[in-house]
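Peer 1: Quick one: the structure is below, questions incoming.
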Amino acid sequence: MRTAYSVETVRAAERELMARLPDGALMQRAAAGLAAACADLLGRVYGSRVVLLIGSGDNGGDALYAGARLARRGAGVTAVPLSPERAHAGGLAALKRAGGTAVGVDAAEESIERADLVVDGIVGIGGKGGLRPEAAPLAAAAARSRAAVVAVDLPSGVDADTGEVRGAAVRADLTVTFGTHKPGLLIDPAREYAGVVRLVDIGLALPADAAELEALQHTDVARLLPLPAAETDKYRRGVVGIAAGSARYPGAAVLAVAGALRGGAGAVRYVGPAGDAVIARFPETLVSDRGPKKAGRVQAWVAGPGAGDDAATVAEVLATDVPVLLDADGLRLADPKAVRSRTAPTLMTPHAGEAAALLGVAREEVEGARLASVRELAGRYAATVLLKGSTTLVAEPGGGAVRVNPTGTGWLATAGSGDVLSGLAGSLLATGLTSVDAASVAAYLHGLSARFTADGAPVGAHDVAEGIPGAWRDVRG
C-alpha cells in the first residue's frame, strides 16, 4: 500500500534521523537521488544545460548539491538564487567548485530558454498560498520553454498537505520526492502539477498509524476480493438490492445492475419501475415491483441512481438494518437526520457537484479542496464517503487515513459510469466488505476496467461494466 504523510509528520521524522546522522548527510542523500533522477531524464548528462531555481530553504540546498553532481559529469549548470543572501551557502559553494555558475533573477529567463532541464527548488513542502510574485515569472518561463521541469520534493506553489493550489505554481514533468509521498502529490488539483512522481528513500522512519492518505495497490485489492468457497451457495455469497431507475431514467437501473452482477455477490434483487428493461438485459436478476420491504432478504442496498423524485423508496431503504449505498438522486432525496441516525453502515458516493450541494458550497470549492471536502462530508453525515472525480477519495466518519484511488482514466467522465460504480460497490458491501473497503475496491476495479477498456479511446459505461471481470482477473494475477 502506498502511503502519504503530513508535513508535520515528515518534519518530525527528518529531525529524528538528522540527530543520528553526520551534519548534512540527509541533504546529501536527497541530492544524490535527485541527481540520479535528473540524469535519467536527460539521458545524456555531458553537454546538457541545466538551470536550478533556488529558494531559501532546504529544497534549494538539495537542488544545488544535485546540480554540483551533474556539473561534475559535464553538464552546464546555472543556479538562479531568488534571494542570494539566503541561498544555501554550502550548496552554492559546492556547485561553483564543480564548475557551475550563478546568475541573477534578471538573467534567468534567458538561461531558462536555452535549458534542457529546469530544477524547481524554490519552495519546500511547508509552502502555502502559491508562488510569491518574484518566483511566478520563473515558473511561467519554465512552462514556456522546451526544457523538462523537475520539482524537488513537491512542485513549488502547491500545498503539500491538502493538494490545493491557491495561486501560481510550478508545473513539473517529474517530481522527485523524499522519504514518503505527500498528500498533495496524490490529490488533484496539485497532482496535475506534479507529473510523474519518483520516490527516493532517504531512511525516514514513519509511523504507520499516522498516514494521511492510503492508496491501494494490486496486492491489497487482491487480498480484499471476495472469493467463494467450495460449499458456498448464492445466498451465502450475499444478495444486493438495487433500488434505482425511473420511467425517465431506466438506463440507470440497468447500469447499476450491470455493476452489481460483477461485484461478487451471489444474486441481485431489483426493485423499481425499470424491471422490464433490467430483465431484458440481465435475465438473471431477481425483479420485484413491491418495494424494498417486500423484495426479499438482502445483505446491502443501493439506492438512488436515476430515482427521480422517489423519496419514499430512498427512505424505506434507509430504514433497513443492512449497509446502504446512496448515490445520485438518493443523495438529494435522503433525509440527513435519517442518514446520521443509522446503526448499519452507510456509503455515500457523490461527485463534486453533489458534494457541493450537500455541503452548501460552490462546486469550485469542493474541486479545489477535495481532501477537506470528503472529510467534512463523512463527519457531517456520519457515513463513509466516496468522492468521485479526477482523484477519487474515500473517507470514514471517524477520521483516519483517507483512501485515494490510483486507477482510472479521463474517459471515465461519461454518463452512467457512476451508476456502474454504485452497483459494483453495493455488491461488494453485500459480500461482507466494510464500507471503506467496498468503496476502495470498487473504485480500483472500476478505474482499472475503464483504463483497459478505453485503451486510449472513448468508452461507454456499459463497456466499463463488461470490463470489470478482466480487471478482477488482472488484480488476482
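Peer 1: Grab the chain and count how many Lys pairs have their alpha-carbon atoms under 23 Å apart, sequence gap of 8 or more, or different chains.
Peer 2: Details: Lys128/Lys182; Lys182/Lys388; Lys234/Lys293; Lys234/Lys294; Lys293/Lys337.
The result is 5.
Peer 1: If you take every residue apart from Gly259 with its C-beta less than 13 Å away from the C-beta of Gly259, what net charge results, scoring Lys and Arg +1 and Asp and Glu -1?
Peer 2: Numbers: positive: Arg262, Arg281; negative: Asp327, Asp419, Asp463, Glu466.
It works out to a net charge of -2.
Peer 1: Right, something else. Starting at the first residue of region 210-216, write each ³J(HN,Hα) from the Karplus equation 6.51 cos²θ - 1.76 cosθ + 1.60 with θ = phi - 60°, in whole Hz, x for Gly and Pro.
Peer 2: 9, 5, 8, 10, 10, 10, 5
Peer 1: List every DSSP H helix in the chain whose Cα atoms extend 18 Å or more along the helix's own long axis and whose mean Kyte-Doolittle hydropathy is at least 1.0.
Peer 2: Working: long enough: 25-42 (25 Å, 1.23); 58-72 (21 Å, -0.48); 417-430 (20 Å, 1.14); 435-454 (28 Å, 0.68); 461-476 (23 Å, -0.48).
Membrane-span-like by this rule: 25-42, 417-430.
Peer 1: Would you report the distance distribution of C-alpha pairs in region 43-169 as whole percents per 5 angstrom bin, up to the bin with the largest distance?
Peer 2: In order of increasing distance, the bins hold 2, 13, 23, 25, 21, 10, 5, 1 percent.
Peer 1: If you don't mind, there's one more thing I want to ask. Using the Cα centre of the chain as the reference point, and only Cβ charges (+1 on K/R, -1 on D/E), how large is the resulting charge dipole? Debye, rounded to the nearest 20.
Peer 2: Details: 48 positive and 51 negative charges, 132 e Å.
So the magnitude is around 640 debye.
Peer 1: Amide H neighbours of Ala300 under 5 Å, at least 5 residues apart or on other chains, H built in the peptide plane: list them.
Peer 2: Those lying under 5 Å, H to H, from Ala300 are Val239, Gly241.
Peer 1: If exposed means no more than 15 neighbouring beta carbons inside 10 Å and the site is in a DSSP loop, what's the longest run of the chain without any exposed chymotrypsin sites (Phe, Trp or Tyr not before Pro)? Working shown, then result.
Peer 2: Values: sites that count: Tyr46, Tyr235.
In the chain, the maximal stretch lacking such sites is 236-477.
Peer 1: Read phi for every residue in region 157-169 and hand back ³J(HN,Hα) as whole Hz from Karplus 6.51 cos²θ - 1.76 cosθ + 1.60, θ = phi - 60°, with x for Gly and Pro.
Peer 2: Per-residue couplings from phi come out as x, 9, 8, 5, 7, 10, x, 7, 10, 10, x, 5, 8 Hz.
Peer 1: OK, next. Using only protein heavy atoms and a 1.4 Å probe, report how much of His88 is accessible, in Å² to the nearest 10.
Peer 2: It works out to around 50 Å².
Peer 1: Per the 1.4 Å probe, what fraction of the accessible area of region 34-183, in percent, lies on carbon and sulfur atoms? All intermediate terms of the calculation are to be shown ahead of the outcome.
Peer 2: On the way: 2730 of 5820 Å².
Answer for region 34-183 is 47 percent, counting heavy atoms of protein chains only.
Peer 1: Assign one of three labels to region 1-70, namely rounded, prolate or oblate, based on the Cα gyration tensor with a ≥ b ≥ c the square roots of its eigenvalues; rounded applies when a/c is under 1.5, prolate when it is not and a/b is larger than b/c, and oblate otherwise.
Peer 2: Numbers: a/c = 2.15, a/b = 1.73, b/c = 1.24.
It comes out prolate by the Cα gyration axes.
Peer 1: Any idea what the relative contact order of the chain is, in percent, if you count C-alpha pairs under 8 Å spaced at least 6 apart?
Peer 2: On the way: 1148 pairs, mean separation 59.7, N = 477.
Rounded, it is 13 percent for the chain.
Peer 1: Continuing with this model, one more query. 222 nm [θ] for the chain, helices only, -39500 (n - 2.57) per DSSP H run of 4+, per residue, to 500? Don't skip to the answer; put the middle values down first.
Peer 2: Values: 19 runs with 194 residues, N = 477.
-12000 deg cm²/dmol, from helical runs alone.
Peer 1: Compactness ratio of the chain: Cα Rg over 2.2 N^0.38 Å, N = residue count?
Peer 2: Details: Rg = 25.5 Å, N = 477, 2.2 N^0.38 = 22.9 Å.
Working it through for the chain, the quotient is 1.11.
Peer 1: Between Thr414 and Arg473, what length comes free when the chain is fully extended (0.36 nm per residue of separation minus the Cα-Cα distance, one decimal in nm)? Mind dumping the intermediate values first?
Peer 2: Values: separation 59, 0.36 × 59 = 21.24 nm, distance 2.42 nm.
Working it through step by step, the gained length comes to 18.8 nm.
Peer 1: Once amide H atoms are placed 1.01 Å from N in the peptide plane, what residues at a sequence separation of 5 or more from Val197, or on another chain, have their amide H within under 5 Å of its amide H?
Peer 2: The list, which skips near neighbours in sequence, is Thr175.
Peer 1: Can you give the % of DSSP beta bridges in the chain that are antiparallel, to the nearest 5?
Peer 2: Details: 8 of 56 bridges.
Of all bridge pairs located within the chain, approximately 15 percent are antiparallel.
The values are calculated or read from the model by the stated rules, or taken from the named source; none is laboratory data. Because the structure is predicted, anything quoted here is derived from the model rather than measured. Heads up, the Cβs are rebuilt from the backbone with ideal geometry, glycines too, and the neighbour counts pull from every protein chain shown. Ligands, DNA and RNA are stripped out before the accessible areas are found, and what is left, the full protein with its side chains, is counted by its heavy atoms. Shrake-Rupley method; radii C 1.70, N 1.55, O 1.52, S 1.80 Å.
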